[in-house]
Structure formats: structure tokens, C-alpha cells
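Down below is the structure, laid out as C-alpha cells.
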Amino acid sequence: MGMFGREQLAMMVRPDRVHRALYSDPAIFELEMQRLFGRAWLVVGHESQIPAAGDFLTTRMGRDPVIVTRHADGTVKVMINRCSHRGSTVCEDARGHCAEFVCPYHGWTYRTDGSLRFVPLAHGYGRDVERKKSELGLVNVPRVESYRGFLFASLAADGPTLSDFLGPLSSSFDDMVDRAPDGEVEVAGGVFKHAYHGNWKLVLENHLDGLHPNYVHASSVQAARDAPDPAQPERYADIAIRQMRQNGAPEAIWESIGIWTTDFGHGYMADYHSDSRLVVGMDNPVFAGYRERLEHKIGKERAAKVLSVTRWNSIVYPNCSFMGQFRQLRIVHPLAVDRTIVYTYSFRLKGAPEQMYRDTIAFANVVNGTASWVLTDDLEVYERVQKGLTAQAGDWVYLARGYGGDADDAGRTRRGATGTSELPIRSQFAAWLRYMTAE
Amino acid sequence: MGAIESTGVASDAALREAEQLLFREAWLLDQHRLDEWLDLFTEDATYWVPLERGQLDPWNTSSIIFDDRTLLQIRVRQYTHPRAHARLPAARTCHQVGNVMILGSDGSELRVGSSLVLVEYRKERQRVFGASVEHRLRRTPAGLRVAAKRVDLVNSEAELDGIAFLF
Ligand code: FES
Ligand SMILES: [Fe+2]
């Protein structure tokens, strides 16, 4: 790793451009796993996935396999999925319930907080094995916290609190959860797991990129425009048709919407939809029943306030992208400098009419499905970018759109000059450099 | 996938007719004759590739594809756009349909099970998919047509690269 000292890294991140090696050099990727994914708070799941003691899920933090459990005392534990004996994973199920984890290799048995309960033929490991047992549990990830049901963990023992880390971006989680009449959301509806041959940053950059839909998604915009107009009674296909058409919103719309960033590389963009069937805050009669329930639970005034938030994607740098409007959350798993997996989860608004959930499923299928008209074109472009950035000619990737026009905004945010400003990417790289050069 | 419901032996003629329709469907996809392929489906047809093994319905769980005729038309249409990035060039496929069996009939519709092995090639990458498939075939004035198709991929729950072709 000697190649990339802190000075070199600093030279590769300029205010309006970055070096292509940040997307394509395996040595940089290794450093990112240690310094960025090894330090930042990462989204690892949601409380609703592990409601009862003994419930667990498995995921990754960076490349590291981890188990997230609900321990007997009700607390959430995150442990490295690696037996302390000779290293086998102790659990391979995506989700489940168990009293303990038994390593398949030689039977070492761990409690749901990772502590080592039982070692078969223990005496064979030496006389002091009983004493050592307390040190031979599964390695616990040092920091675990939750914000409004969303579970975060950090591989670093020290660092900013989750509350400092999220800062103003926590309002996007509030937006998602406040929409539930019962004040809670739950994971439901299956997990899309899509992969692409490209760097993990590409997907986070794309989700706040209002310039791309008219180009990347031109074919699905046109095919949806050619389809029959949505009519009454509503058909299942209408959500897809409406959403794909909206991606072709005029450039003036994309330019006019707000886009904000916060410390630590997070950011969010305002909604670009003008179709009232896709925006609860507009007065489409489809949402009347839902509005009523929300008003009944939290009062008319508060409900109006909740629904007045029209926010599209939010990014929690470096591993999550989510949105309250259609209750989607994506976790980014970097596998290699040029290989990334994205898990997409849907959420049910507790206490909302069934129609709201059906909208969520229909929306997930059209936008986040592995065979979606929309997503497949994004993936194609990520792979083309990755291919282009391996070329030795041309060192720089330009991120200058809107540069010079970024301005401080209310609540410790910065706002882009226009909705298509590349401010979010500049902000992600500013955070990247801080993680990568911190001692 | 339901078990075989009819204990009687389906007539050779019915089996052969169903088989020919499935083979023709596969051939049209491989030939990329998508308009003709779409014509094999009834107006109220559904085309379903569930996300989860044993998935009960397309309403409460997402699907890799769950299309009605309108959405299928959009899929077919998307290929014709000059900036259909993931579809230019279109993936080349080889659909191998086997183990065709009449699973039963409920009045006007025939339930036909088959297995699919699909080889896909695009841009220096080749992938293999396997699936068990169930068709519901309906007799119409225009001939036997597909009223529903369900494709259960063996790896539907896997981490998958984008899918820009039809099963
Ligand atoms: S590797 Fe786990 S018990 Fe030996
Ligand atoms: Fe996109």
C-alpha cells in the first residue's frame, strides 16, 4: 500500500475532479475497506427483521461477513461471522432464529451475543482452555446503534456518535417512518440483490444524479409514453407506466429541484414528480384512505406537515440509499474494486391501507427489479464507466457541474446551484478523503 | 408448482399440441421475433418470474418480472429504441425446453409444466439459467394461446447481474 500515502491520496481528490484510480485501482479499494468501510457507520439492517430474542440476519460490513442478532436481553449484537477456532463461518442463513450458533467444523458453540458456550473435547486444546473461553467468542463489532428502527454498526471502536454522523440526514429517516400511521415501518416483500461489474461509488453517485434519467432511461421513458395512458379503473401496470414516464421529466424540472448534502458525504434530493398518483402529498383521491388514517393517528396538522415533505433519494455514505416516498432502502456491498452487489428492501408502513404496500411492491418491481426496464440501463452504464476508467489515458474524472455554486443552507446543509449539480459527488469525495487520510 | 392433478394419461395429441406451442415460443424468443412472441399471449395474460422460491402471489412480494400484456408490450418496445443501452446489442439466447408434461386442466385451460435451460450471451459474457416453468394454455378462436406463464428460476434469490432478456 506504500504507493498511496496520505499526500498522494490528497492530490487525487481536487475540488472539481478526482483521479480515475479511485474507481479502478485495487490497492485503493483495499485501503477503502480498512479506512472507510472499517470506520464509518454502516447500515446493517432494520429492527423489524429481528424482532424476538434469538432472531438473526447475516449481511456484510464492507467485505466482512457479519451476523446481526437479537440477544436474550433484547439488545442487538453484530458479530463477525468467523469461528474463533479455525475460521469457518458459523451461520449461512440470510435470516432465522436460533438459540446458539454451532460451528459446522468442530462444533464450537456460541451464544447469540457471540460468547463461547461450549467446546467439544475441550481438554485437547490445553489446560487453560476454560479460562481462555472468555476471549474466544465471536468478535463483536464494537459499536452498534439504532435510529428509528434502522440498525447501524461501526467496525471502529472510536469515532463520531451515530447522531453526529447522521446529522441533518436523520430527517430523511424521519420522513420515511413518520409516514406510517402507527409510527413504525417493517421490512417486507422480498429482497432484490443485483450485481454489477463496477465500483461501489457509482451507484451512490447515480442516485442523486438528476441529469442522467433523460439519457440513460430514454428507452424506457419512450416505451412507457407509447403505452396506453393510465385510466380508471386503475391497472397494475399504471404505476410502472407513470414512473417510467416521470423519468423523462423536462430538464427544467430536474434543474429546479433542490439537492442537499451534509457532513460525512450524505445527501438527498427533492422529488421531481408532477404525477399526483405518485406523490402522496398531492391530493390524489387514491390516497384519501391513507390520509385519513394518518390524520386519525397523528392529527390533521401534523399529518399535513409529514406529507408536505417531498424528498426522493437519500444517501447515507458510504453504504446506503433510501427513500420514504415508496419505502425503498438499498444497501451497497463492495466486493472488489470492480464488483458491487446492491440489496434492495421494501418496507410496509404500519397502520397504512394495503394499497400503500401494493404501490411499494409495484414500484420496487419497476425501478429496483433485477430485470427492470429502468435498473438494467443504470447497470449497463455503471459497467461502461468502469470500463472507461480503466483506460490509462486521461487521469481525471470531472465533477465540475455546478461547482462554485454550492451554498450553505438551513440546518447545516449545503445546497447545489441546481438540481443537476454534482455537489453530492464532490461532497462524497470530500468525506472519502477525510476517512482515507485520518490517522 | 402444483403436483400432477390428473391421474389420467393426457392424450398424445394434447401433449403434442402443447409442446409445439412451447417450442415455438422458445424459438421466437431465440430468433428475437418478439412481436410474434407476444402474439402467443392472450389479452389478459400474465407473465411471472417470482423473486422467492415457492412465492404465493405477486402482490405481497416483489417479482423479478410480473407483467400483464401492457407491460410485456413495453418490454418488447424498449428493444426498438436507439438508446436502449442494456439491450443494444440484444442478448442472444438459447432456450432449451424439456420435460413437457400436462399437469392438469381446469375446464378451458390446460396446465403444462416444463423445465427450461437457458444460455444467454451478451458482450463477452455467457450465463446459464435453469427454471421450472408452468404455462396455462387456453383455446381461443385464434388457436391455443398462453394465458399465464410462471418461470421459477433455480437462482431467483441469488445475487444477479441485470436481466435484459425474456425467459
Ligand atoms: S473451525 Fe469452528 S470449530 Fe473448528
Ligand atoms: Fe437511473
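Taking each DSSP H run with n ≥ 4 as -39500 (n - 2.57) and averaging over every residue of the protein assembly as shown yields -8000 deg cm²/dmol at 222 nm. How large is ³J(HN,Hα), in whole Hz, for each residue of the stretch A:354-365 in order, when computed from phi with the Karplus curve 6.51 cos²θ - 1.76 cosθ + 1.60 and θ = phi - 60°, using x for Gly and Pro? Going residue by residue, I get 3, 4, 4, 5, 4, 4, 4, 5, 4, 5, 4, 4 Hz, with x marking Gly and Pro.
I'd like the mean, over residues of A:221-229, of how many other protein chain beta carbons sit within 10 Å of each residue's own Cβ. Could you put the intermediate results ahead of the total?
Numbers: counts 3, 8, 11, 5, 2, 6, 5, 2, 0.
What the average comes to for A:221-229 is 5.
Electrostatic tally near B:Thr80: other residues with Cβ closer than 12 Å to its Cβ, Lys and Arg +1, Asp and Glu -1, net +2.
Amide H contacts for A:Val66 (H built 1.01 Å from N in the peptide plane; partners 5 or more residues away or on another chain; cut-off under 5 Å): A:Thr59, A:Arg60, A:Met61, A:Asn81.
Taking 17 Å as the straight-line reach from the Cα of A:Lys387, the lysines in range (excluding those fewer than 8 positions away in the same chain) are A:Lys201, B:Lys123.
Connecting C-alpha atoms closer than 10 Å in a GNM of chain A, tell me which of A:Tyr215, A:Tyr357, A:Tyr23 has the biggest fluctuation. Ranking A:Tyr215, A:Tyr357, A:Tyr23 by mean-square fluctuation puts A:Tyr215 first. The string of couplings for the stretch A:198-207 from the Karplus curve (6.51, -1.76, 1.60, θ = phi - 60°) is x, 5, 4, 5, 4, 6, 5, 5, 5, 6 Hz, one whole number per residue in order, with x for Gly and Pro. Per-residue Karplus couplings for the stretch A:370-380, computed as 6.51 cos²θ - 1.76 cosθ + 1.60 with θ equal to phi - 60°, are listed in order as 4, 10, 5, 4, 8, 4, 4, 6, 4, 4, 4 Hz, Gly and Pro entered as x.
Rounded to whole Å, give me the distance from the Cα center of the stretch A:210-246 to that of the stretch A:69-105. Using only Cα atoms, the two centres lie 44 Å from each other. Within 10 Å of the Cβ of each residue in A:188-198, the mean number of Cβ atoms contributed by other protein chains is 5. Near A:Trp432: Cβ cut-off under 10 Å, other residues only, Lys/Arg at +1 and Asp/Glu at -1. The net charge is +2. The mean sequence distance of close C-alpha pairs (under 8 Å, at least 6 residues apart), as a share of the length of chain A, puts its relative contact order at 21 percent.
Close amide H partners of A:Gly267, meaning residues 5 or more places away or on another chain with modelled amide H under 5 Å apart, are A:Thr262, A:Ile315, A:Tyr317. Here is the short version for chain A: A:Cys91, A:Cys98, A:Cys320 have no other Cys C-beta closer than 4.7 Å. A straight Cα-to-Cα reach below 20 Å connects A:Lys297 with the lysines A:Lys305, A:Lys350, residues fewer than 8 places away in its own chain not being considered.
Site-free segments of chain B were taken between GluC sites (Glu not before Pro) in DSSP loops having at most 13 other Cβ atoms within 10 Å, sites themselves excluded; the longest one is B:6-123.
For chain A, what class follows from the C-alpha gyration tensor (a ≥ b ≥ c being the square roots of its eigenvalues): rounded when a/c is under 1.5, otherwise prolate if a/b is larger than b/c, else oblate?
Values: a/c = 1.90, a/b = 1.30, b/c = 1.46.
Oblate.
Add +1 for every Lys or Arg and -1 for every Asp or Glu among the other residues with Cβ under 15 Å from the Cβ of A:Leu335, and state the total. Numbers along the way, then the final one.
Numbers: positive: A:Arg60, A:Arg63, A:Lys193, A:Lys201, A:Arg339; negative: A:Glu30, A:Glu32, A:Asp64, A:Asp338, A:Glu383, B:Glu159, B:Asp161.
Every neighbour counted, the sum reads -2.
Amide H contacts of A:Cys320: A:Val332, each under 5 Å away and 5 or more positions distant or on a separate chain (H built 1.01 Å from N in the peptide plane; Pro and chain starts excluded).
Bear in mind that the values in this text are calculations on the coordinates, not laboratory data. Not measured: the values here are computed from a predicted model. Backbone-built Cβ (ideal geometry, glycine too); neighbour counts: all protein chains shown.
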